[in-house]
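K.L.:
Dropping a structure here in structure tokens format, bear with me for questions.
The values are calculated or read from the model by the stated rules, or taken from the named source; none is laboratory data. These figures come from a predicted structure and were not determined experimentally. With ideal geometry, Cβ positions are generated from the backbone for all residues, glycine too; neighbour counts draw on all protein chains shown. Areas reflect the complete protein model, heavy atoms only, side chains present, ligands, DNA and RNA absent. Shrake-Rupley method; radii C 1.70, N 1.55, O 1.52, S 1.80 Å.
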Amino acid sequence: MSEGKREFLIALFQECGGAVRMDRWMQEALYHPQFGYYTSGIRGIGRGGDFTTWPVLEGSLASGIGKWIKSQPHKKHIIEIGAGTGALAAALLGNMTIFNGWLRKPHYHIVEVSPILKKEQQNLLRRNGVTWHDSVNCALQACHGQATLIANELVDAFPCRIFRFSPPGWEERFVSLHEGKLQEIWEPAKDLPVSSAWNHPWRAGQHIEIHESFGKWLASWRSNWQAGAFLLVDYGAECPGVFRDHPLGTLRAYSHHQRIEGLAALQGFGLRDLTADVNFSDVREFARLANLNASTSESLADFLQNHGIKIADPRLWEPGGAGEAFRIIVLHV
């Protein structure tokens with residue numbers, strides 16, 4: 001660990017009184033300007049990187065989303081948020097031809113916070129007339145507030161808070177440092193964020209993750225979005241199913257395609273992707289609070305079938321495979 005990173009972590013623990021709440025820890029580990037995974041540590045997406053997203057594995061997602069975009073009334077501008085390597089954008093733009101019924105190709109915008117991934121996207125898409133933006137608000141301003149938004153594996157990239165049911169109340173997970181080693185501690189939850197999970201009859205010891213930061217992010221730019229729809233693709237499920245078979249929650253890290261769970265997932269600050277399954281019931285609740293309508297989520301397999309896409313990759317149909325693990329939800333102004 002570099003001296004600069006070590007000094008930063010010491011200052012972080014001091015600032016937080018010795019215990020850092022999980023969402024703050026994830027925010028710094030993933031997005032710190034100098035030490036964060038997405039800003040400086042990511043090794044890319046695909047075979048040589050840390051993880052693989054569905055567009056890299058199979059082209060059917062682009063075909064399905066392309067048909068969905070074509071059915072939308074506000075498709076003059078498309079905004080993709082968090083575009084990875086640019087594979088989905090390249091596939092979508094490649095399919096938007098006169099032969100597929102497109103008389104005019106939409107203006108494609110990308111919002112990307114990772115300078116490493118932005119560089120990959122620009123190398124791949126430099127001849128496609130794509131415009132990059134640093135924030136959703138900037139992109140919406142360029143579109144005069146009317147646009148169709150898409151995102152693949154976005155919500156899971158937001159920091160989450162972690163809670164444990166411990167009758168008679170809930171506890172929240174923090175990270176502390178003891179004799180130079182990370183350890184987790186649980187403190188009585190002081191403020192419970194909005195979530196669909198609170199009223200479920202959990203067993204003692206059940207962990208749940210809540211992507212409160214996604215809800216706040218959605219609300220931060222909602223007033224500048226006047227018309228359109230937002231399609232989100234991510235892995236997870238509705239509540240309570242999202243936590244079924246996961247009594248210790250779903251938080252994990254990925255490094256070189258290796259899945260790391262438990263306290264070990266928090267090691268290697270800024271060098272690993274940290275993620276948790278998405279509670280789509282919560283996404284609907286966050287949308288409601290932002291004055292948006294939301295569809296019921298559907299599996300990726302159902303979404304593709306409903307849009308007439310033939311699936312070549314058998315992994316989509318395997319039990320627990322991508323077709324079941326990934327879900328689609330659409331938010332509307």
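K.L.:
Once you've got the GNM for the chain with C-alpha springs shorter than 10 Å, pick whichever of ILE116, ILE210, ILE78 has the biggest mean-square fluctuation.
P.N.:
Judging by the Gaussian network model, the answer is ILE116.
K.L.:
If we restrict to alpha carbons, what Rg and Dmax does segment 102-201 come to, in Å?
P.N.:
Radius of gyration, then largest Cα-Cα span, for segment 102-201: 21.1, 65 Å.
K.L.:
Given a 1.4 angstrom probe, what's the average accessible area per residue across the chain, in square angstrom?
P.N.:
In whole numbers, the chain has 46 Å² accessible per residue.
K.L.:
Mind listing the Cα extents of segment 173-237 along all three principal axes, in Å, largest one first?
P.N.:
Each principal axis gives a Cα extent; for segment 173-237 these are 52, 34, 25 Å.
K.L.:
To continue, here is another question. Choose one of ILE185, ASN123, SER223: the residue whose Cα lies farthest towards the positive end of the charge dipole of the chain (beta-carbon charges +1 Lys, Arg; -1 Asp, Glu; about the Cα centre).
P.N.:
Highest projection toward the positive end goes to ASN123.
K.L.:
If you wrap segment 238-298's Cα atoms in a convex hull and average its projection over all directions, what's the area in nm²?
P.N.:
The directionally averaged projection comes out at 5.7 nm².
K.L.:
Based only on the alpha carbon positions, what is the Kirkwood hydrodynamic radius of segment 206-285, in angstrom?
P.N.:
14.5 Å
K.L.:
Cβ under 13 Å from GLY205's Cβ, GLY205 left aside: what net charge do those residues give with Lys, Arg +1 and Asp, Glu -1?
P.N.:
That works out to +2.
K.L.:
Still on this structure: Among the DSSP beta bridges whose two residues both lie in segment 152-281, what percent are antiparallel, rounded to the nearest 5?
P.N.:
Within segment 152-281, antiparallel bridges account for around 90 percent of the total.
K.L.:
Something else now. Hey, got the dipole for the chain? About the Cα centre, +1 on K and R Cβ, -1 on D and E Cβ, debye to the nearest 20?
P.N.:
Using only the charged Cβ atoms, the result is roughly 1080 debye.
K.L.:
Percent of alpha carbon pairs in the chain separated by more than 34 Å?
P.N.:
When every Cα pair of the chain is considered, 23 percent fall beyond 34 Å.
K.L.:
Leaving ligands, DNA and RNA out of it, work out the accessible area of LEU251 with a 1.4 Å probe and give it in Å² to the nearest 10.
P.N.:
20 Å²
K.L.:
Follow-up. Please check the chain for the longest run free of chymotrypsin sites (Phe, Trp or Tyr not before Pro) that are loop-located per DSSP (anything but H, G, I, E, B) and have at most 16 other Cβ atoms within 10 Å.
P.N.:
199-316
K.L.:
How would ILE98, ILE10, ILE69, ILE185 line up by accessible area, probe 1.4 Å, largest first?
P.N.:
Greatest to least solvent exposure: ILE98, ILE10, ILE185, ILE69.
K.L.:
At 222 nm, what value in deg cm²/dmol follows for the chain if DSSP H runs of at least 4 each add -39500 (n - 2.57) and the sum is divided by all its residues, to the nearest 500?
P.N.:
Per the formula, -8000 deg cm²/dmol.
K.L.:
Carbon-plus-sulfur fraction of the accessible area of segment 50-182, 1.4 Å probe, in percent?
P.N.:
Heavy-atom surface of segment 50-182 belonging to carbon and sulfur, 1.4 Å probe: 53 percent.
K.L.:
Could you work out the longest stretch of the chain that avoids the trypsin sites (Lys or Arg not before Pro) located in DSSP loops with at most 16 other Cβ atoms within 10 Å?
P.N.:
My reading of the result: 245-309 is the longest stretch.
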